[in-house]
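Comments concern the structure below.
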Amino acid sequence: MSKQDIYVRVKWLMIAASMPFYLFGSFWGGIKPPAVYAIGFLFLISFINNLILQLFAKRKFADYFIYWTLMIDAALSIQAVYFSGSIETGLIFLPSIFIFISGFIFSPMATIFYGLSMFLAMVSTFYMEYFGYIPHFGHSIKFASEYLWMQVPFFMDILAGIFMLYMFSAFASGYLNQIVKENLIRMKNSVREMNNAKKMSDEANLALTKSKEELEKSEQMRVRELVELRASLEQKMLLRTVELEENRRAILHMMKDLKDDVNKMQELDRMKDEFISNVSHELRTPLTPLIDYASILAEGLVGSANEKQKEIYNSMLRLSKREVILINSLLEVSHLKSGSMAINKVPLELKQIVVDAVKDFTKEAGDRKINLSAEENGNIPTVMGDENLIARLVSQLISNALKFTPEAGWIRVKVFVENNHVRVEIEDNGIGIAKENINKIFHKFYQVDSGYSRKYGGMGLGLAICQQIVSLHNGKIWVESPGLGKGAKFVFALPI
Ligand code: ADP
């Protein structure tokens, strides 16, 4: 509430409250005509001033107009007091109202000053009447003497009362105003704080809304990204699946081709074996009589032959016999492979077979100063096998060792048991085998080096025959060699 508001309201209240007294005093009371006009004039001016203040409360000049009004009111109230009986009238309380109001408009000191000024103005009016400078307008109290007011004690009492009344008004108004001001300031502060808090909460709300929106936006983006990622992954997976399916089909196709090829090769191999077998057979048939004829000629049973002729016949005999051995080997391989060879499995003493075979080669080894020895460890159990084939196997391996071991070398044959198998090892310190050839030497017709082969003779069939024999007995055969020139160890194992 502004100063004007307070002032205007208090004055309306004052005017309204004073009106009945004024009317009562003017018509029935003792208020004399000059006082009636003066007070009426005071009401009118007060009323107009109040109206102006109310109507123009928002205007700048209203602030100054208050001071003007207050001054006018003060002057008019003194005039009203004067015309209504001065020191004798009850209206002397009237200025205290303006003093009280001034507390809301001026500072406390200014209010006291205002109160004092009012008092002095009042006192000077009274004294001017007292000393006869201005006329006295008589009192309204019928029962009192006309000159009572001129008595000094009465005068002093009234003055002291007026002084106290005005000062009390000034102090009360200043004090009240102070309280009101403080409360107003406090209220203003709390309103400001509330406004600040509201502003802050509004800002926080705004920030919250903003961050919520941002969060929603980023969430939407993430969701979109994820959806895209999933779609691309699915597409990739689909592509991969298609590729894999194609690869699978291609592999299946290749496997089928390979299988066909293997089948074809197996068929060709079988046809080749059959062909070799037939050819060998056909080749061997005329060789037997040829050998017979050559030996008849060499022995001179159909007429004597000279030395030159004998030599030729013997040569024919030797070559034919070698051819027969070769053809027999060929036939042996194909028989073994095709399974057409009748095998007769019986319990075999491998130790005995090895000892016999070593014996067969003792002379040849001795001739070449090769140390051929047999060695067996402990009790060797029997194995099921075809005696001729196993003997052939051992002989072939010893014969190879002899063939590929230089003079003054050694060959050791061992028989022993390991992992439920009887093992036979034929070890020599001969020419050895290079690593890359170790897996090839068991192939048919394979010879490590044709130079060597020519030097040592042979057809590359011996080891192939050995392998066939071992596999017919469900055994295993392999070779170990540290390398060329470092000897070789052929091992075969037959299940007990
Ligand atoms: P070949 O009739 O040529 O001896 P094999 O099948 O018996 O045929 O042997 C195949 C090849 O294995 C031989 O040519 C030889 O190179 C190699 N070989 C076999 N036994 C031995 C050995 N004890 N030491 C070194 N090489 C050997």
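Scan G485, G409 and give me the residue that is surrounded by fewer than 18 Cβ atoms within 10 Å (Cβ to Cβ) and out of contact with any Leu (no Cβ under 7 Å at 6 or more places or on another chain).
Checking each option against the conditions leaves just G485.
Applying the selection to segment 172-202, what residues are open to solvent by 80 Å² or more (accessible area, probe 1.4 Å), under 28 Å from F100 (Cα atoms) and under 60 Å from the mean Cα position of the chain (by Cα)?
I185, R186, M187, K188
Residues are listed down the side, and each one gets a yes or a no for (1) closer than 18 Å to S18 by Cβ; (2) touching a Lys or Arg at 6+ places or on another chain (Cβ under 8 Å); (3) at pLDDT 80 or above; (4) open to solvent by less than 40 Å² (accessible area, probe 1.4 Å):
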position: R59; (1), (2), (3), (4): no, no, no, no
position: I87; (1), (2), (3), (4): no, no, yes, yes
position: I92; (1), (2), (3), (4): yes, no, yes, yes
position: P95; (1), (2), (3), (4): yes, no, yes, yes
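Could you tell me how many of the residues in segment 340-379 are without any contact (Cβ under 8 Å) to a residue 24 or more places away in the chain and open to solvent by less than 60 Å² (accessible area, probe 1.4 Å)?
Matching residues across segment 340-379 total 3.
So, in segment 458-486, how many residues would count as being of a type in the set (S, T, N, Q), under 17 Å from I431 (Cα atoms) and not in a loop (DSSP other than H, G, I, E, B)?
Residues in segment 458-486 being of a type in the set (S, T, N, Q), under 17 Å from I431 (Cα atoms) and not in a loop (DSSP other than H, G, I, E, B): 0 in total.
Can you list the strands (runs of 3 or more DSSP E) found entirely within segment 369-450 that contain at least 2 residues being within 16 Å of the ligand (Cβ to nearest atom)? If you could, list the steps in order and put the result at the bottom.
Details: elements: 371-376, 383-386, 410-418, 421-428.
Here the list reads 371-376, 410-418, 421-428.
When segment 95-108 is examined, which residues are found to be free of Cβ contacts under 8 Å to residues at least 40 places away in the same chain and part of a helix (DSSP H, G or I)?
Correct list: F98 only.
The values are calculated or read from the model by the stated rules, or taken from the named source; none is laboratory data. Everything numeric in this text was worked out from a predicted model, so none of it was measured. Don't worry about glycine lacking a Cβ; one is built from the backbone with ideal geometry, like all the others, and counts go over all protein chains shown. With ligands, DNA and RNA removed, areas are computed over all heavy atoms of the protein, side chains included. Shrake-Rupley method; radii C 1.70, N 1.55, O 1.52, S 1.80 Å.
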